[in-house]
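Bear in mind these aren't lab numbers, they're just calculated from the coordinates by the rules spelled out. Only a predicted model underlies this, so the values are computations on that prediction, with no experimental measurement involved. Heads up, the Cβs are rebuilt from the backbone with ideal geometry, glycines too, and the neighbour counts pull from every protein chain shown.
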Amino acid sequence: MGGRDATMVLLDENGIRCDGRKIDEPRRIMIRAGGLKNADGSAYIEFGDNKILVGVFGPRDVHPKHMSNTDTGILRVRYHMEPFSVGERKNPAPSRREIEISKVIKEALEPAVMLEKFPRTAVDVFIEVLQADGGTRCAALSAASVALADAGIPMRDMVAAIASGKVADTIILDVNNEEDQAGQADMPVGYMPNLKKITLLQLDGVLTSEEYKKCVTVGVEGCKLVYEIQKQALNDKYFGKKGD
Ligand code: CDP
């Protein structure tokens with residue numbers, strides 16, 4: 001999340017954003033379930049120019065053993081950006097930002113996964129960001145939900161995620177990289193549409209309480225759009241397209 005550049009035109013006089021979208025229009029979203037033969041479940045997402053691969057392993061034995069819980073399974077999430085995923089080479093060592101995003105994705109997924117069915121085991125979620133363009137945590141969370149479902153892990157619901165935000169004093173859906181850098185606010189939202197529960201809500205920037213409510217509503221509505229694409233990805237793999 002970078003500095004705010006007030007000189008950039010983020011919304012023109014016709015209400016069109018810097019990448020040609022309308023204020024409530026998400027970027028192009030493509031999700032594919034499966035694809036990694038050595039993983040128990042996997043998914044690939046393209047969310048605008050974000051490209052992210054997720055592999056799920058487990059439920060499996062926990063090593064070291066003292067990390068296991070006799071009452072429930074545990075979820076472990078590693079979000080990692082490839083050095084080539086951003087314009088300026090990223091150091092491959094885990095950054096503070098990657099540790100934070102791993103934690104928020106884990107906490108956003110936990111309410112969806114029936115870990116209590118697998119005491120003493122772990123479910124590992126590995127997220128590889130191949131190309132980043134603003135909104136990777138939301139894209140990764142949406143793909144991770146599909147990968148967990150693809151692994152056959154019992155779930156209460158899938159978490160769908162997208163960011164709402166504020167540019168040029170206007171609430172928008174799906175914040176891109178330029179809008180994140182130069183806009184006024186960015187609010188990543190993760191939501192389980194069947195259970196009607198928010199599991200991720202972050203805010204970078206300043207909003208009035210009215211704008212805050214609108215951002216949450218716009219984000220939740222956006223999550224419902226993402227959810228349809230997640231379900232379609234699973235349908236395509238298990239009931240639709242041949243060859244997967
Ligand atoms: O990706 P997300 O919006 O969830 O997280 P962020 O911390 O707000 O990062 C916004 C964007 O900054 C990322 O999506 C990348 O495109 C970019 N970024 C970068 O260029 N170099 C980094 N080392 C980290 C992020």
About its Cα centre, the chain carries a charge dipole, from +1 on Lys and Arg Cβ atoms and -1 on Asp and Glu Cβ atoms, whose size in debye to the nearest 20 is 940 debye
Highest GNM mean-square fluctuation among T70, T199, T217, for the chain with Cα springs under 10 Å, belongs to T70
Cut-off under 28 Å on the C-alpha distance; same-chain residues fewer than 8 positions from K22 excluded. Which lysines are left, in chain and number order?
K51, K166, K196, K197, K213, K214, K224, K231
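For a quick check of your reading of the filter: which trypsin sites (Lys or Arg not before Pro) in the range 1-77 sit in a DSSP loop and have no more than 13 other Cβ atoms within 10 Å?
On the way: sites: R4, R17, R21, K22, R27, R28, R32, K37, K51, R60, K65, R76; in loops: R4, R21, K22, R27, R28, K37.
Those satisfying the criteria are R4, K22, R28, K37.
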Tail fraction, Cα-Cα pairs, the range 2-239, threshold 28 Å, whole percent:
30 percent
For the charge dipole of the range 86-241, defined by +1 on Lys and Arg C-beta atoms and -1 on Asp and Glu C-beta atoms about the Cα centroid, which residue among Q232, Q181, A163 has the Cα displaced farthest towards the positive pole?
Q232
